[in-house]
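This report concerns only the one structure given below.
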Amino acid sequence: MAKIQTPQAVRGTQDMFGETEERFVHVVATFERVRKLYGFKGLQLPVIEPTAVFSRSLGEATDVVSKEMYTFEDRGGDSITLRPEFTAGIARAYLTNGWQQFAPMKLSVHGPLFRYERPQKGRYRQFHQIDAEIIGAGEPAADVELLVMADQLLKELGINDGVTLQLNTLGDTPSRDAWRAALVGYFNDHKGALSEDSLSRLEKNPLRILDSKDPKDRPIAAAAPVIDDYLSGEAQDFFGAVTAGLDAAGVAWTRNAALVRGLDYYRHTAFEFVTDRLGAQGTVLGGGRYDGLIENLGGPATPAVGWAAGIERLAMLLEHGSQDKFDAVIVVENDDRLSDAIRLARKLRAAHFATEIVATGSPRKRFDKAAKLPAHTLISLSVADGAPSMRIRGEGSEIAARVEAFIVGAN
RNA sequence: GCGACCGUAGCUCAGUUGGUUAGAGCGCUGGUUUGUGGUACCAGAGGUCGGGGGUUCAAGACCCCUCGGUCGCCCCA
C-alpha cells in the first residue's frame, strides 16, 4: 500500500498550543479587561468582506490590494476577500448599520487577519490583532484617550520595558499635500544619491523614503523637509493638544518626524509603539487618525482614529508564559480506588478546583508521572494493608490550603 | 517577488573525506529498585534520514527540482 503524504499546515499559519496558546489568550484577556476600563464596546465582525471594502479604502492599484490579499470569487460570482485589516471592515459596519446615530463610538475588536506575505519573525499569513477605534470624534482628546489606553495595555502586559511611543503628525489635507510636494521636489534633486529601492518609491510612495533602511538613503532622508514647516495653524494646534494630553496623562513619547503612512486617508496623528526586541518587525502597536477613510467608502465625512496591535508579537514579548497549574492532581495508585478518584474529582471540579486524574500506565509509576504535572496539590489514593488510604501533599500555598480544607470538609 | 541558512525517532540533536544491519538524551511502554515518595537501573516500541529525480559499485551526506521552516530585503493597510 502506498503511503500518503501527511498533510501540512498552510504556509504562514500556526497551530498554537501549550505556552504559546496561553500567552496568546493572556494578551486577549488583558486587552478585553483594559478596553472595558475605557468604555470601548466589543464588536464581532465577519472575516470575509466584499473585496470593494478594502480595494476602495486602500486604493485599487496599491501592492497591498493587488498582491497581498486573499481574494477569491465565491460560488455566486461575487469577489470576496479575507480581511487583511480591521479598520475598513469596521467602517463598513458603521455605514451599513447606520451607527452614525451612536457617534462618537468607541469600538474594540480582535481576531484573525490574512495577508499573503512572506512569513518571518512575528509575521504570519494568518495573524491576529487586537484593535481599538473611535469613530465620529474629531477632537484630539480622542487620540489621547486611545494612546493612553494603549500605554496602559502594554504596562499591564508587562512589556512596556524597551518599548517607546513614537509620535508624528501628518497634518491636515493642505499641510500634508504641501509637505508631500516639497518632499518629491527635494528627493528629485537628490535622485543620483538615492538607492534603487528609493527611486521606485519616489514614483509610488515618496513618503516611504523617509523610513528607508538603506544607509545610502539615510543622510538624504535626515535632511529632507519636515512636516512642521508645512503645518497649518490648525494642524499645529491639533498636534499640540495631543502631546499636551499625553503629558498630562504621564505617557512618555518621542517625536519621530520620519513616521509616515502611505495612504492618503490618514490625517494628523500617526503613532507606533516600537521595540528593539523583535528584529525587523519592531512595531508592537500602531495607528493614527484616518479622517478620510469613511468618505472613501461612500459615507459622510467622518473623523476617526484607531490603533491595532499584533497579538503574536505582544505574546512573544511577554516575560514568561504563566503556565496553567492544576489546583489538584489525583493519583490512583491502586485501581480499586478509581471510583473514589472519580467521585473526588467530580466534587473538586464542582467546587471550581481545576483537577486532573492520573490513573493509567503502570501503577507503580503513576506517582512520578503525577508529580511532574504542575499542580498546587497532589492527592494520592492507594490501598495500604487492605484499607483505603489517602495522602495529600500540598505545596504550602494558599490555594493548596483551600484544596486540603475542602477535601477534609467534603469527607 | 529577492537572498541566506536549515529539514535525521514524538521532542532536542549527533552522524567524521560518500562505505556493512542509522545513534544519543529526553519523552513513551513494561520490569526491577526506592517508599510520605518528582530516585536509580534494565528492557522495549518508535525512522522508507521532508518529498521527487539524478550522479555513483555504494548517498542521510554530492547535484537538480519541489514542499516546508528560520532570518533578512521588498511591502507594511
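The values are calculated or read from the model by the stated rules, or taken from the named source; none is laboratory data. As the structure is a computational prediction, the values presented were derived from the model and not from experiment. Cβ: placed from backbone, ideal geometry, glycine included. Neighbour counts: every protein chain shown. Areas reflect the complete protein model, heavy atoms only, side chains present, ligands, DNA and RNA absent. Shrake-Rupley method; radii C 1.70, N 1.55, O 1.52, S 1.80 Å.
Which residue is modelled with the lowest pLDDT, if the candidates are limited to the range A:334-363 and must be touching an Asp or Glu at 6+ places or on another chain (Cβ under 8 Å) and surrounded by fewer than 17 Cβ atoms within 10 Å (Cβ to Cβ)? Step by step, filter the range A:334-363, then rank; the result is A:Pro363. The residues of the range A:352-408 that are within 9 Å of RNA strand B (Cβ to nearest atom) and assigned to a strand (DSSP E or B), listed by number, are A:Ala375, A:Leu378, A:Ile379, A:Ser380, A:Ser382, A:Ala384, A:Ser389, A:Arg391, A:Ile392, A:Arg393.
From the list A:Ala301, A:Ala257, A:Ala280, pick out the single residue that is surrounded by fewer than 19 Cβ atoms within 10 Å (Cβ to Cβ), under 17 Å from A:Glu312 (Cβ atoms) and not hydroxyl-bearing (Ser, Thr, Tyr). The conditions single out A:Ala280. Inside the range A:290-341, can you point out the residues that are in a helix (DSSP H, G or I) and over 28 Å from the mean Cα position of the chain (by Cα)? Those that are in a helix (DSSP H, G or I) and over 28 Å from the mean Cα position of the chain (by Cα): A:Asp335, A:Asp336, A:Arg337, A:Leu338, A:Ser339, A:Asp340, A:Ala341.
When A:Ala252, A:Ala222 are checked against the criterion of being closer than 21 Å to A:Leu146 by Cα, among the aliphatic types (A, V, I, L, M) and surrounded by fewer than 19 Cβ atoms within 10 Å (Cβ to Cβ), A:Ala252 stands alone in meeting it. Restricting attention to the range A:107-125, the residues being open to solvent by 60 Å² or more (accessible area, probe 1.4 Å) and assigned to a strand (DSSP E or B) number 3. What pairs come out if I take residues in the range A:253-272 that are within 16 Å of A:Arg180 (Cα to Cα) and not assigned by TED's automatic domain parsing to the domain that holds A:Thr243 and pair them with residues that are near RNA strand B (Cβ under 9 Å from one of its atoms) and open to solvent by 10 Å² or more (accessible area, probe 1.4 Å) whose C-beta lies under 9 Å away, six or more apart or interchain? If the second residue must be near RNA strand B (Cβ under 9 Å from one of its atoms) and open to solvent by 10 Å² or more (accessible area, probe 1.4 Å), no pairs are left. When we screen A:Ala387, A:Ala400 for residues that are in contact (Cβ under 8 Å) with a residue 24 or more places away in the chain, assigned by TED's automatic domain parsing to the domain that holds A:Asp335 and either among the hydrophobic types (A, V, I, L, M, F, W, C) or on the phi < 0 side of the Ramachandran plot (or both), the only hit is A:Ala400. Please work out if A:Ala88 is in a helix (DSSP H, G or I), touching a helix residue (DSSP H, G or I) at 6+ places or on another chain (Cβ under 9 Å), surrounded by fewer than 16 Cβ atoms within 10 Å (Cβ to Cβ) and not basic (Lys, Arg). When the stated conditions are applied, A:Ala88 does not pass them.
Residue check: A:Arg349 meets all listed conditions (1) free of Cβ contacts under 8 Å to residues at least 40 places away in the same chain; (2) within 12 Å of RNA strand B (Cβ to nearest atom) but one, namely (2).
Pairing each residue of the range A:330-343 that is in contact (Cβ under 8 Å) with a residue 24 or more places away in the chain with any residue that is aromatic (Phe, Trp, Tyr), provided the two are 6+ apart or on different chains, yields C-beta distances under 7 Å for A:Val331/A:Phe367; A:Glu333/A:Phe367.
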